[in-house]
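Have a look at the structure below before the remarks.
The values are calculated or read from the model by the stated rules, or taken from the named source; none is laboratory data. Small disclaimer: the values here were computed from a predicted structure and weren't measured. For neighbour counting, all protein chains shown are included, and Cβ atoms are generated from backbone atoms with ideal geometry for every residue, glycine included.
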Amino acid sequence: MNVFQFILLFFICYSIFELLKQRKSIKASSATTEKQHSETEQEIEQLKKRIEILEKIVTDKGYDLKSEIDDL
């Protein structure tokens, strides 16, 4: 094995190592992204429920009467 082949082999091994390291990093960030996505979905569902409750309150017929009394 001459010097050129040794250097070439070294760069190939180094490249493979770097690719594997990047792949591991991508998987880790993907897991974090999945967790954040799940948390965001839960928060959106909670907000939808709150909006639904607020819509019921505002569209309630008694709400207009209460607001008119409060305005007096």
| task | Hey, could you check the stretch 53-72 for residues that are loosely packed, with under 10 Cβ neighbours inside 10 Å and of a type outside the set (Val, Ile, Thr) and say which is modelled with the highest pLDDT? | result | Asp70
| note | Residue count, the stretch 27-61, condition of a type in the set (Asp, Glu) and within 12 Å of the chain's Cα centre (by Cα), comes to 4
| task | Taking Ile44 as the residue in question, decide whether it is at pLDDT 80 or above and either surrounded by 10 or more Cβ atoms within 10 Å (Cβ to Cβ) or out of contact with any Lys or Arg (no Cβ under 7 Å at 6 or more places or on another chain) (or both). | result | yes
